[in-house]
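Enquirer: Below are the C-alpha cells for one structure; questions will follow.
Computed from the coordinates by the stated procedures, all read-outs in this text should not be read as laboratory data. This is a predicted model, so every value here is computed, not measured. Cβ placement follows ideal geometry from the backbone for every residue including glycine, while neighbour counts extend to all protein chains displayed.
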Amino acid sequence: MAYDYMTRVPLNRAVTDIERSRRVDVHKPVADEAADAYTVFGMNDTYLEICDASYFQLGWCLLAFLVGFPGFLLLTIAAIQAATEVNPIMVQNGDQGWFSASMWFMSALMLAGCAFSIVLLRRDCFNYRHRSVRFNRRTRMVYAFRHNGRNGVIQVAWDKAFFYVQRQASNSAFGGAPTLMRCLVLNDAGKVVDTFSFGLRTVNGASESSDYGRQVLHQVKANFEFIRRYMEDGPTALPPVSEYLPREPSLRNSIRVRFYGLGAIGRVSVGLRIFSFMISGPVFLLSVLHYIAQLTSREPVWPTDVETACGNIEPATLVRA
C-alpha cells in the first residue's frame, strides 16, 4: 500500500480495468492544446520539473490538525475526568462501573483522534517543501522525488510508464471528484509496484459526459500534453510558460500560489468578482498555512545520479534550441 499525500493506492496488484481504460498513449496527442497550468518549477533542454499533484493541497492537513487536535484533546480530558469521578447515585444503582468503562473507552478513542491529527500534521510540516517530478528527454526517464537519501526517488522509463487520468471518489463536501494524472510503475509481470501523481489536480463536480465535466477533464489532459510534447518534441514545441512555481518558502510566494488565477476569475463577471472577494479571506488563511508548512519542512535534495543524468543544470528558464 502506498500513500500519495492522503490518497491510498494499493500496490502489488494487477492494473484494473478502469485504469486500463483511462490510460494515455505518450506517443499520441491527448489534447488539442498544451498548458503548463502553473505546475512548472523549471525547464531547460534536458529536463522539465513539475510539481506533484498534492502541491496545492499543502496546508489543508495543518488546518485539520489545528482544528482537530485541540478538540480531541479537550474531549479526552473531559472523558478521563468523567471516568474517575465517583457519582453516589450511580454507585447506589450499580451503574458506576459501566459508566467509567464507557468513559475510558471514549478517552481511548479521543486519544486515537489526537494521534491521527499528528499524522495529518506530519503530512504538511516537518516533511519536504515540495515533491516534484523530473521528465528527462535526453535519457527518456522520469524521476519522482519521495525523500532525501537512499531509495528516495522513483525511476521509470518514459516509454514504459503507465500514465492514466485518475478520477477519485466524489466527495460533495470538497466539491466533487479529484481528478489528476497518475503514473503506475509496473514490473516485468505487469504488477503495480509503485506510483506517483504529478501536475494539475482539479476537482470535477460533474459527470465527465457533461460539457462542464469534459472541460475540467480537458484541463488535466492539456497539462499532460504539455509534458508529452516536451518529451517527444522538445521545449521549442511548447507555448511560453505563464509563470514558474516559486521554490523558496516565503509568505509572498505562498500567497502567489494560493491566489493564482483568482484575479482572472473576478474579471469574468460581477457575480464571480463578488465570489472571489468573499473567498479571499479563507484563501489568505490557506496561504499562511502553506507558508508555515513549507517553513517547517526540509529542502528536497536530488541524489547525485539523478543530478548527473540531468546535467546538473538549474532549470530556471526555458532554453530554446
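Enquirer: How far, in nm, would the chain grow between residue 232 and residue 247 when pulled straight, counting 0.36 nm per residue and subtracting the alpha carbon separation?
Expert: Contour length minus Cα-Cα distance gives 2.7 nm.
Enquirer: Another one. Just order 236-247, 39-50 by mean Cβ neighbour count inside 10 Å, highest at the front, would you?
Expert: 39-50, 236-247
Enquirer: So what J values fall out for the range 210-226 if you push phi through Karplus, 6.51 cos²θ - 1.76 cosθ + 1.60 with θ = phi - 60°, rounded to Hz, Gly and Pro as x?
Expert: Per residue, the Karplus-derived 3J(HN,Hα) values read 8, 4, 5, x, 5, 5, 5, 4, 4, 4, 5, 5, 5, 5, 5, 4, 4 Hz.
Enquirer: For 212, 143, 260, which order do you get if you count the other beta carbons within 10 Å of each Cβ and list the fewest first? Could you put the intermediate results ahead of the total?
Expert: Details: 212 12, 143 24, 260 15.
So the ranking, lowest neighbour count to highest, is 212, 260, 143.
Enquirer: Follow-up. Based on the Cα coordinates of the range 1-98, what is the per residue volume of their convex hull in Å³? Present the calculation step by step, with values, prior to reporting the outcome.
Expert: Numbers: hull volume 24.3 nm³, N = 98.
Taking only Cα atoms, the range 1-98 has a hull volume of 248 Å³ per residue.
Enquirer: Using only C-alpha atoms and all pairs of different ones, pull out the Kirkwood radius for the range 62-124 in Å with one decimal.
Expert: 12.6
Enquirer: For the residues 160, 28, what sequence is obtained by ranking on other C-beta atoms within 10 Å, fewest first?
Expert: So the residues, fewest neighbours to most, are 28, 160.
Enquirer: Checking the cross-link filter: which aspartates and glutamates have an alpha carbon closer than 14 Å to that of residue 221, excluding same-chain neighbours under 8 positions apart?
Expert: In chain and number order, the partners are 25, 32, 33, 36, 208.
Enquirer: Suppose a student asked you for the relative contact order of the chain, using Cα pairs under 8 Å spaced at least 6 residues apart; what percent would you report?
Expert: 29
Enquirer: In deg cm²/dmol, rounded to 500, what helix-only [θ] at 222 nm does the chain give when every DSSP H run of at least 4 residues adds -39500 (n - 2.57) and the total is split over its residues?
Expert: Values: 9 runs with 134 residues, N = 321.
It comes out at -13500 deg cm²/dmol, rounded to the nearest 500.
Enquirer: How big is the chain on each of its three principal axes, counting only the C-alpha atoms and giving the largest first in Å?
Expert: 87, 56, 40
Enquirer: What's the angle, to the nearest 10 degrees (0 to 90), between helix 60-84's Cα axis and the longest principal axis of the chain?
Expert: Approximately 10 degrees, to the nearest 10.
Enquirer: Hey, another quick one. Towards the positive end of the charge dipole of the chain, with charges on Cβ (+1 Lys, Arg; -1 Asp, Glu), say which of 44, 107, 245 has the farthest Cα.
Expert: The Cα lying farthest towards the positive end belongs to 44.
Enquirer: Another question, then. Just 181, 103, 231 to compare: in a GNM of the chain, with alpha carbon springs under 10 Å, which one fluctuates most?
Expert: Of 181, 103, 231, the most mobile in the Gaussian network model is 103.
Enquirer: Still on this model: Can you sort 174, 198, 69, 284 so the residue with the fewest Cβ neighbours within 10 Å comes first?
Expert: By the 10 Å Cβ count, ascending, the order reads 174, 284, 69, 198.
Enquirer: Which FRET efficiency value, to the nearest 0.05, is calculated for residue 187 and residue 122 with the Förster distance at 30 angstrom and r the Cβ-Cβ distance?
Expert: 0.50
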